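Here is the structure we will look at, set down as structure tokens.
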Amino acid sequence: MVEGDFDYYKITFYLEKKAEPRKRGTEKALKNAEKVLRSIQQNPFIKTHEMADKTKLSQRTVDSAIAKLKQAGLLKRIGPDKGGHWEVVIPITLINCTF
């Protein structure tokens, strides 16, 4: 019970800041990216749908892995979509990174 002449209430909540959990798909994303890089190293002219078949990943997963590899600066597309090829900037044996 609150008695008196009050115009407002002040409520304070104290929250503990917890450490950010590691993203669930990080390890899997790294494995998928490694599969994509290996298939590109074996055949720089490979198409994304061929990578999906070869690596047994979905087309969307391959596209996502390629986007992350390009953003990280590990993979480049040389030339147009039709007739171009992939270039691995850093060989897979030297890669030790996270997305």
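One table, with the values for the structure above:
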read-out: Volume in Å³ per residue [convex hull over Cα atoms, computed for segment 26-94]; value: 81
read-out: Projected label distance in nm at residue 45 and residue 63, using a 7 Å step from Cα toward the beta-carbon; value: 2.5
read-out: Table column - 3J(HN,Hα) (Hz), segment 33-41, Karplus curve with 6.51, -1.76, 1.60, x for Gly and Pro; value: 4, 5, 4, 5, 4, 5, 5, 6, 5
read-out: Under 12 Å, Cα to Cα: Lys pairs in segment 26-94, sequence gap 8 or more or different chains; value: 4
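Throughout, read-outs are computed from the coordinates displayed, never taken from laboratory work. Please read these numbers as outputs of a predicted model, since none were measured by experiment. Heads up, the Cβs are rebuilt from the backbone with ideal geometry, glycines too, and the neighbour counts pull from every protein chain shown.
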